[in-house]
Number of protein chains: 2
Amino acid sequence: MQNFDLHNPTRIAFGQGTVGRLAELVPAGARVLILYGGESARRTGTLAEVQAALGSRVVYEFGGIEPNPSYETLMRAVALVRSEELDFLLAVGGGSVIDGTKFVAAAVHYRGDAWDIMESHGTVVNTAMPFGCVLTLPATGSEMNKGSVVTRSATRAKLVFASEHVFPRFSILDPTKTYSLPLSQVANGVVDAYTHVMEQYLTYPADGMVQDRFAEGLLQTLIEIGPRVLAAPDDYAARANLMWTATLALNGLIAAGVPEDWSTHMIGHELTALHGIDHARTLAVVLPANLQVRRVSKHDKLLQYAARVWGITEGSEEERIDAAIARTRGFFESLGVPTRLRDYDLGTKHIDAVIRQLEAHGMTALGERGDVTLSLSRRILEASV
Amino acid sequence: MQNFDLHNPTRIAFGQGTVGRLAELVPAGARVLILYGGESARRTGTLAEVQAALGSRVVYEFGGIEPNPSYETLMRAVALVRSEELDFLLAVGGGSVIDGTKFVAAAVHYRGDAWDIMESHGTVVNTAMPFGCVLTLPATGSEMNKGSVVTRSATRAKLVFASEHVFPRFSILDPTKTYSLPLSQVANGVVDAYTHVMEQYLTYPADGMVQDRFAEGLLQTLIEIGPRVLAAPDDYAARANLMWTATLALNGLIAAGVPEDWSTHMIGHELTALHGIDHARTLAVVLPANLQVRRVSKHDKLLQYAARVWGITEGSEEERIDAAIARTRGFFESLGVPTRLRDYDLGTKHIDAVIRQLEAHGMTALGERGDVTLSLSRRILEASV
């Protein structure tokens, strides 16, 4: 096991009816900015419920945060916070809204060009505004971690920053708030959480016995509930387990003490930036190809994954690995999430542009061994056509 | 899944060589009291290493905290903190030292009779001194939770308190610090962690799919490493996994959203208070009998435990349950930890006194359904003879 440092101060308030707890969780007397995405937050009544729980606090609203939140939009929220002297942010939405809120929290007090936050990957952040979350879309885990992904529309740069200062003070997770989600977004959430686990698990053995067991437990849970969350949107137990699994998939716990990959994410980010494909859908395209191309360096862990997660114990080692990758692809497809570039009318001729983007963003030595060069990324993309 | 609130701000610094991180983790200029147990902390060099890392800070020492730390001893530490105006506590030891430190942290600022803290189970605690831990004995999980057990020697009352104010600020977990432990204490740690998981897992199904998977992963890990930690004290991977597993077994994570039992602990506490049996060893005596006596109300979870943890899938349901309980008992015995009262020269005639203690401490409706009455506790004790 590798040495690690683990610290996660976010409070989770989980369960049906917990939105009302905003009354106690947001400081009395706070001047609040509610950040949200589309109009579904209003249509479903969640915004009204949030407003009611905030009572007599001064509340402003900032809607229109896009999927893959843009720097340009977020800087308008920063200006509003400054002009109205607001002192608490409340994200109401999914990972994009929460990621955007983290950027706003860090940018408000930053005295240089706020894009520095992204280019430095967060190292310039010394303080941030306090904020909380009401999660409505389980997927990214942003509600209980210190990471954020923001895109600069002008340059199509999709970058990641992380800082101890942008842990949410609290996150409210009410599974019933997910009942009204479009099923395609729920399916995306399952794939996103699944891939988060795989990025932290499917590397090489490192004596992280507990971490492996936890990761396998999260994968097994997602495999069990994937069909259920799509078949019956109001299956509380299934939605509750999806919500909690997605949070645990990326809150630092299963990464502590073990190597991490993240090459699937970095390649996927460029596909989103260039072609607008949903984040999770890029992962579904890249992950099976990535496992296939790197099956030698991931050999031992692929066998463990085959046996413990999929129960595959028959056949030669290579056959078991083939079967495990096929089951992974099949699982994503069973959720209605395609796993090939051609499903998005993309092919070999589009790969050069992705590679150029990876190079421009310094993504030249990805993966748990730093051996995913641009040429290996090209092979992965070729295998994903 | 039940609604839950989860918040754990303790920072974990894990791995070989992390004691030196005290230099950054303890506030500069702090006036520190180091609390420890026996002389092994000095003999092994850990105290000297701690002192070196603390540099020029003012440091006092308070040794002699007993296993099952006593109120009487701890109040002497409280007096020292007050008289020397110390402002940071550092526990160097195992669960007893950390539990004791939590009591001192809460008692220093408490204005009434400090035993109120125990009798109120912590509800009177409104503030506490900051403190950190250097863990040397993996077992209780106290290094990353808000609970503490303290015994009043005069009345043989062993009570529990919990408070959000007594989370450690940080805990340093260096697996190499466990190499020199007596093997009986290591075995006790495995049993203690195992039973902690069982108290939170082996109840009734509550749709906590992730929680169940995590609990099963912890149990599987303990079963795998139990023989290894006894066979080779300097097996770093085994010791590291024991240390991290024991922490995760009782840091609030696997309890979030599911029912909890704890009757084995409450009955065990009385055996320790009356007869001085090591805490973990009382659990090894009570747990198998408890599962046996309550096999009807725990039926579904016992079958799940049999299948997922022990791989028992053959035979009738009752046979599988019998086998799972037998494997549990056999695992404890394989570690050299006895599982019968008679192994401590105790028998049926000693049960009345235990029941009277349970009654005196209000332990009349224990367990996940509150149905472990004094008469059921008696049956459990009878089955443990």
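The values are calculated or read from the model by the stated rules, or taken from the named source; none is laboratory data. Computed from a predicted model, the values in this text were never measured in an experiment. A quick note on method: Cβ atoms are made from the backbone with ideal geometry, for glycine too, and the neighbour counts reach across all protein chains shown.
Considering the stretch B:178-193, and only residues there that are of a type outside the set (A, V, I, L, M, F, W, C) and more than 10 Å from the chain's Cα centre (by Cα), the residue that is nearest to B:Y305 (Cα to Cα) turns out to be B:N188. Among the residues in the stretch A:83-90, are any touching a helix residue (DSSP H, G or I) at 6+ places or on another chain (Cβ under 6 Å) and either of a type in the set (A, V, I, L, M, F, W, C) or in the same structural domain as A:A23 (by TED's automatic domain parsing) (or both)? Checking the stretch A:83-90: at least one residue is touching a helix residue (DSSP H, G or I) at 6+ places or on another chain (Cβ under 6 Å) and either of a type in the set (A, V, I, L, M, F, W, C) or in the same structural domain as A:A23 (by TED's automatic domain parsing) (or both). Within the stretch A:15-31, the presence of at least one residue that is free of Cβ contacts under 8 Å to residues at least 24 places away in the same chain, within 14 Å of chain B (Cβ to nearest Cβ), farther than 16 Å from A:A106 by Cα and among the charged types (D, E, K, R) is confirmed. If only residues of the stretch B:94-122 that are of a type in the set (S, T, N, Q) and under 14 Å from B:V166 (Cβ atoms) are counted, the one that is surrounded by the most Cβ atoms within 10 Å (Cβ to Cβ) is B:T101. Considering the stretch B:32-45, the residues that are buried (at least 21 other Cβ atoms within 10 Å of the Cβ) and of a type outside the set (V, I, T) include one that is farthest from the other protein chains (Cβ to nearest Cβ), namely B:G37. Among the numbered conditions (1) under 19 Å from the mean Cα position of the chain (by Cα); (2) over 16 Å from A:T10 (Cβ atoms), the only one that A:C133 does not meet is (2).
Residues checked against (1) in a helix (DSSP H, G or I); (2) assigned by TED's automatic domain parsing to the domain that holds B:M266; (3) touching a strand residue (DSSP E or B) at 6+ places or on another chain (Cβ under 9 Å); (4) of a type outside the set (V, I, T):
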{"position": "B:L302", "(1), (2), (3), (4)": "yes, yes, no, yes"}
{"position": "B:E314", "(1), (2), (3), (4)": "no, yes, no, yes"}
{"position": "B:I321", "(1), (2), (3), (4)": "yes, yes, no, no"}
{"position": "B:I325", "(1), (2), (3), (4)": "yes, yes, no, no"}
{"position": "B:T364", "(1), (2), (3), (4)": "no, yes, yes, no"}
{"position": "B:G370", "(1), (2), (3), (4)": "no, yes, no, yes"}
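Screening B:P168 against (1) away from chain A (no Cβ under 14 Å); (2) surrounded by 24 or more Cβ atoms within 10 Å (Cβ to Cβ); (3) not in a helix (DSSP H, G or I) leaves a single unmet condition, (1). Counting just the residues of the stretch B:351-362 that are out of contact with any helix residue (DSSP H, G or I) (no Cβ under 7 Å at 6 or more places or on another chain) and part of a helix (DSSP H, G or I), which one comes out modelled with the lowest pLDDT? Result: B:A360. Take the conditions (1) over 30 Å from A:A237 (Cα atoms); (2) touching a Leu at 6+ places or on another chain (Cβ under 9 Å); A:T178 misses just one of them, which is (1).
Taking the stretch A:179-215 as the search range and keeping residues that are within 13 Å of another protein chain (Cβ to nearest Cβ) and part of a loop (DSSP other than H, G, I, E, B), which one is surrounded by the most Cβ atoms within 10 Å (Cβ to Cβ)? Top of the filtered list is A:G208.
Does the stretch A:335-348 contain at least one residue that is modelled with pLDDT under 95, in the same structural domain as A:R295 (by TED's automatic domain parsing), surrounded by fewer than 19 Cβ atoms within 10 Å (Cβ to Cβ) and not in a loop (DSSP other than H, G, I, E, B)? There is no residue in the stretch A:335-348 that is modelled with pLDDT under 95, in the same structural domain as A:R295 (by TED's automatic domain parsing), surrounded by fewer than 19 Cβ atoms within 10 Å (Cβ to Cβ) and not in a loop (DSSP other than H, G, I, E, B). The residue that is surrounded by the most Cβ atoms within 10 Å (Cβ to Cβ), among those in the stretch A:144-162 that are touching a helix residue (DSSP H, G or I) at 6+ places or on another chain (Cβ under 6 Å) and under 27 Å from A:W244 (Cα atoms), is A:S148.
Any chance the stretch A:312-333 includes a residue that's hydroxyl-bearing (S, T, Y), surrounded by 12 or more Cβ atoms within 10 Å (Cβ to Cβ) and closer than 24 Å to A:H121 by Cβ? Checking the stretch A:312-333: not a single residue is hydroxyl-bearing (S, T, Y), surrounded by 12 or more Cβ atoms within 10 Å (Cβ to Cβ) and closer than 24 Å to A:H121 by Cβ. Considering A:A249, A:A284, A:A280, the condition of being within 14 Å of chain B (Cβ to nearest Cβ), crowded, with 24+ Cβ neighbours inside 10 Å and on the phi < 0 side of the Ramachandran plot is satisfied by A:A249 alone.
Residues in the stretch B:250-262: is at least one part of a helix (DSSP H, G or I) and of a type in the set (A, V, I, L, M)? No, the stretch B:250-262 contains no residue that is part of a helix (DSSP H, G or I) and of a type in the set (A, V, I, L, M). Taking A:M198, is it touching a strand residue (DSSP E or B) at 6+ places or on another chain (Cβ under 6 Å) and closer than 30 Å to B:L222 by Cα? Considered against the rule, which asks whether it is touching a strand residue (DSSP E or B) at 6+ places or on another chain (Cβ under 6 Å) and closer than 30 Å to B:L222 by Cα, A:M198 comes out as no.
Taken together, the criteria exclude B:E270 from residues that are in contact (Cβ under 8 Å) with a residue 40 or more places away in the chain and outside any helix (DSSP H, G or I). Can you say whether B:R308 is basic (K, R) and part of a loop (DSSP other than H, G, I, E, B), as far as the supplied structure shows? Judged against the criteria, B:R308 is not a match. Suppose we keep only residues that are more than 10 Å from chain B (Cβ to nearest Cβ) and assigned to a helix (DSSP H, G or I) within the stretch A:223-245. Which one would you say is nearest to A:M209 (Cα to Cα)? Looking at residues that are more than 10 Å from chain B (Cβ to nearest Cβ) and assigned to a helix (DSSP H, G or I), I get A:I223. Selection of first residues in the stretch A:149-167 that are at positive phi and of second residues that are surrounded by fewer than 23 Cβ atoms within 10 Å (Cβ to Cβ) and among the aliphatic types (A, V, I, L, M), restricted to Cβ pairs under 9 Å at least 6 apart or on distinct chains, gives the following pairs, ordered by first then second residue: A:R156/A:A273; A:R156/A:L274.
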